[in-house]
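Data block below; observations after.
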Amino acid sequence: MNRFSYARPTDVAEAVREGSPGDVRYLAGGTNLVDLMKENVERPVRVVDINRLPLHDISDLPDGGLRLGALATNADTAWDARVEERYPLLSSAILAGASPQLRNAATNGGNVNQRTRCYYFYDTATPCNKREPGSGCGAIGGVNRIHAILGASAACIATHPSDMAVALAALDATVQVTGPDGDRAIPFADYHRLPGAEAWQDNNLAPGELVTAIDLPDERFTGHYTYLKLRDRLSYAFALVSVAAALKIEDGRIVEARVALGGVAHKPWRVKTAESVLHGETPSHNAFLAAAHAITEGATGHGDNDFKIGLARKAIVRALRQAADGTPQSQTDKRVA
Amino acid sequence: MASSARIGIGSPLSRVDGIAKVTGAAKYAAEHRPAGMLYGFAVSSGIAKGRITAIDDRAARAVPGVVEIVTHENRPRTAWLDRSHHDQVGPPGSPLRPFYDDKVMFSGQPVALVLAETFEAARHAAALVEISYEAEAHNTDFDKALAEKFLPAKKRNTFHPPKNRGDAEKAFAAAPLKVDAEYRLATEHHNPMEMHASTVEWHGDGSITVHDKTQGPQNVQAYLSSVFGISAKKIRVLNPYVGGGFGSGLRPQYHVYLTVLAATMLERSVRVVLTRQQMFTHVHRPEAVQTVRLGAEMDGRLTAILNSATTSTSRYENHMEDVVIWGMMNYACPNASGDYTIAPMDTSTSGDMRAPGAATGMALFEIAIDEMAEQAKLDPLAFRLLNYSEEDAMNGTPFTSKALREAFAEGAAAFGWDRRKAGPRTMRDGHELVGWGLATGMWDAMFSKTSASAKLSANGDLEVASALSDIGTGTYTVMTQVAADTLGLPPERITARLGDSDLPAAPVEGGSWGAASVGAAVQVACRAIGEKLLKAASSIEGKPLGSAGIDDVTFDGGRIVLKSDPAIAVEFTEAMRAADLQTIEVEETASAGISGMVSQIRKSRNTHCATFAEVKVDEELGVVRVTRIVCAVAAGRIINPKTARSQILGGVVMGIGMALHEETMMDTKLGRFMNHSLAEYHVPANADIDSIEVIFVDEPDPEVTPLGVKGVGEIGIVGTAAAVANAIYHATGKRVRSLPITIDKLQD
Ligand SMILES: Cc1cc2nc3c(=O)[nH]c(=O)nc-3n(C[C@H](O)[C@H](O)[C@H](O)COP(=O)(O)OP(=O)(O)OC[C@H]3O[C@@H](n4cnc5c(N)ncnc54)[C@H](O)[C@@H]3O)c2cc1C
Ligand code: SF4
């Protein structure tokens, strides 16, 4: 771990001032940043510990939505009565991730900003464009079982590992940020980015920008939702493929459908035009399958991860079935619902 | 002390070291901190093969607190001869000599060691050491390595070459039923919870104390003495607590070499702890491929076994395992042949990992057996009973005992096997397919010459000691129990000591021989104490025990009791006072003896198990849940059913990992294992483990070892992986022949 200076501001403006110049990292729960620093992947010259900022609350928004403080922990968020009641999809997705101990430490801001789990990114002895621009991508032609099948580039085929973010994408959340140039709100779909040629850029935060909160709109999907996560063991592994599905069904017909995929791309994967395939349909295997194909259109494997294409389609179909039937996936009973 | 409360062999005594472990009082190798200690951090090679052309350590040396950076360029002298680097259990070859020269033989090889006043400075500086390499072409692709497979002329001394019988090729050709398939096992890393580490105390008088994570303190002592030219008397190796081994600590690993090298060079105390990532840079279970060809008559009687396997090793050492012999020993079949080779790759040397050879070779063979049972249209259990061999079918020798039939019966009853429906995809539970699978497990029941001392104090407290290790298996507890049993003392009065090279000679802890061997040694030592006590008792005025000999008395509750009249008894303390003894001390050695050696030649000695598995597989998605395991074990006498059960549970869990999860993935272009962390190298999590029932079947065997004990550390893993794989086939109709069976292998 390199030497760095350290600041622990207590108000947001001060944090942004501290966080603005150069190679600075905000430290929240530290469950990802500290690991990466130990591996010499992250080498900030300055660490700004944001844990004393007043961003721990979860509060109601005037429009009926909910504001999740950037520093509210994943555990406090998942078990918050309002989240459980109004956004059970989000609660479920958070609980599908990591372990209780990690969720106790991990924060909402840290979760959406966590970095890829690509093996090469973590190993400084190997090439990786995300870690070291221009060094090449070790995963292409290498060990890539956990890598992207959608939206990847010739520079990088990493995935975003968060479960929470997949639900936030499905729920059309908004990320509230503040920075040297003031505050702005970023729709979740625009928060993370595809790697393109700039693999090192995970998301659209500008340098020095700080996430202060994540806002959930009033639209809640409490009746028909699920978070289905498929992984290499039944708990405590990142998603190979995950699906956040939310439906509105009126008179037996789907009037709104949201499907976001995790584990398959550099960002939670949503294709709105594909979702609309379901509009007006009665829930059926064929309708779900058509949506699954539409959502995964253009999917390409890189060898080890070829299986993800078929698996993603099956998972979408199953998740839509779970959502339509009102039998969401349990995160404790590991039988697939 | 009432004899009803007597604790002895067979009692489910809780671990005597448990409290120390859960309270943190137990200190592990990296938890010692001698005054003035330096922290060492190893720099690992980034290339798989080649030469170091330059080392630029200027930036690293400039880090405040850095004291020295050791590399091949400035290392002190170590032994020059290959054989000086050999250890008791290493395979033939040229052992790794870190920093010996500029050669890189595998990715992750230690190429420099940074020493600093703080761990943080050492780690930071390690990242700043710039090493330039001239890379050479490497091969870490097992499939390519197969082209170079061979059987070394010089075998590992524990290796048992397969013994062929009959004419297997001819019988196979003629057989009406045939199985001919290739099976694979991925590379696995041991990943004990405790990272490999050493703390070396530099005493300044030429002597050192080495706190090491090892499974054999005397092996490390002898190795260090030979490598560094220090008299063994000046090296004390301690490992009283070991946070798991699974075989990773059988050989002295490079961390201890580096630590002692630095300590002798700088004449200071040093600690080196490997990172979890570096735990993937030494020993691992070899990758394996096994071709099994089976022939059988229409009724299912086996007529041919052709079992051929290759496992991976490094280029510099020939690690060999007994992979192909198990099926040849276990099944009655007139024609059988085995063929085993190793394939060298540019990796570190593979090594023993829990049930080495058997966990690989028996598991893969048992999948083939399942395939043959299906061809013969026989229930897998009926098939195994039909081909049951009472004797060791490969060596033609009887077993000292083999209660596998009983294990099948008791396991099947507990599992409800008779309700199994024949044929794949015949059982379901909602949208999950249900499968029931069975496999046999087999392992050696070994005994290793071991010494132990016993010391009885004037206050009646007993200490027993041996240089064995307790790698979490319960050795302390077993020693305490055997002593309690022999001398009739309550466990609270007994202290067991181990994990110290100064103690009476013992082998490395491995191979499941620990309990049988040290148990026997403690027993003979305690018997010797008993005899001395009896003699001392004759000094008591009036000789209350008369002329009773050792066979005329029992030891109970700290007293010598006359068998013929239990009302007559003498306290140990009274006897010692009378004879004016402050302590009674003995050291004894348990060896197989002449009759044991004869028996070793004439009889086979093995543990067996029958493992039954239930899986539920989501029909659409291929998500596997192992919902039930019943493991019925025939392992002779069980010293402690509680710690023994824990061993089987651990073995079964590891077997589930082998079946479904564990796999170290190699980037063959870089020649490097890539998923080198516990986030990405998967072992079963709690959610992956459901009901596990352990049954010990009755298997009295006075011949196998002095206590009739066979050992249970490894047998639990052997049957599990195949039972799960066979259950998955029964559930899904998909025969997956490469372990682990990850979700991708269950997609259409
Ligand atoms: C073994 C393991 C298993 C895991 N399994 C899963 C899993 O299955 N699913 C899953 O979703 N996650 C998983 N995680 C990841 C875990 O969820 C993240 O590590 C965690 O959410 C990060 O939150 P944190 O507060 O600790 O972030 P930190 O580590 O403090 O920060 C992470 C990153 O976010 C930045 N950051 C933090 N807060 C802000 C902010 N307010 N504004 C701007 N930038 C910010 C930091 O600078 C840093 O770059 C796992 C982690 C581990 C170690
Ligand atoms: S996939 Fe992306 S993160 Fe992984 S090695 Fe390639 S560039 Fe790096």
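Approximating the spin labels as points 7 Å out from Cα along Cα→Cβ, the B:E31-to-B:A579 distance works out to 3.9 nm. The lysine pair tally for the stretch B:448-590, using Cα distances under 19 Å and a gap of 8 or more places or different chains, is 7. Label-to-label distance for B:D180 and A:D333 is 4.8 nm, based on points extended 7 Å past Cα in the beta-carbon direction. Legend: calculated FRET efficiency, B:D339 to B:A422, from the Cβ-Cβ distance at R0 = 45 Å, rounded to 0.05, equals 0.85. For the residues of B:665-671, the average number of beta carbons from a partner chain within 10 Å of their own beta carbon is 5. For chain A, adding -39500 (n - 2.57) for each run of n ≥ 4 DSSP H residues and dividing by the number of residues yields -7000 deg cm²/dmol at 222 nm.
Only bridges with both residues in the stretch B:245-342 count here: give the DSSP antiparallel percent, nearest 5. DSSP beta bridges in the stretch B:245-342 are roughly 55 percent antiparallel. Computed over the stretch B:448-590, relative contact order equals 34 percent, with contacts defined as Cα pairs under 8 Å that lie 6+ residues apart. Here A:K130 is the anchor, and the lysines within straight C-alpha reach of less than 16 Å, apart from those fewer than 8 places off in the same chain, are A:K267.
FRET efficiency for B:F119 and A:R46, Cβ-Cβ distance as r, R0 = 22 Å, nearest 0.05?
For B:F119 and A:R46, the calculated efficiency is 0.50.
Checked against a 26 Å cut-off, the cross-linked pairs B:K402/B:K642; A:K314/B:K669; B:K377/B:K616; B:K154/B:K669; B:K49/B:K213 give Cα-Cα distances beyond that limit for A:K314/B:K669; B:K154/B:K669; B:K49/B:K213.
From its DSSP helices (H runs of at least four residues, each -39,500 (n - 2.57)), chain B gives a residue-normalised ellipticity at 222 nm of -8000 deg cm²/dmol. Take each peptide in B:514-526, A:161-173, count the other Cβ atoms within 10 Å of every residue, and average; sorted highest first, the result is B:514-526, A:161-173. The slack in the chain from B:A137 to B:I568, taken as 0.36 nm per residue of separation less the alpha-carbon distance, amounts to 147.1 nm. Among the trypsin sites (Lys or Arg not before Pro) found in the stretch A:1-32, those both in a DSSP coil and sparsely packed, with 12 or fewer other Cβ atoms within 10 Å of their Cβ, are A:R3.
Enumerate the helices in chain B for which the Kyte-Doolittle hydropathy averages -1.0 or more and the C-alpha atoms extend at least 15 Å along the helix's axis, using complete DSSP H runs.
Length and hydropathy pass: B:217-228, B:254-266, B:358-375, B:404-415, B:475-487, B:514-537, B:641-660, B:715-732.
The loop-placed GluC sites (Glu not before Pro) in the stretch A:1-88, going by DSSP, include none that has at most 15 neighbouring Cβ atoms within 10 Å of its Cβ. Could you grab the relative contact order for chain B? Cα pairs under 8 Å, six or more apart, rounded to a whole percent. Contact order relative to length: 17 percent. Beta bridges per DSSP, both residues in the protein assembly as shown: antiparallel share near 80 percent.
Values in this text are rule-based calculations from the coordinates and carry no lab data. Here the structure is a predicted model, which is why all the values come from computation and not from measurement. Positions of Cβ are generated from backbone atoms using ideal geometry, with glycine treated the same way; all protein chains shown enter the neighbour counts.
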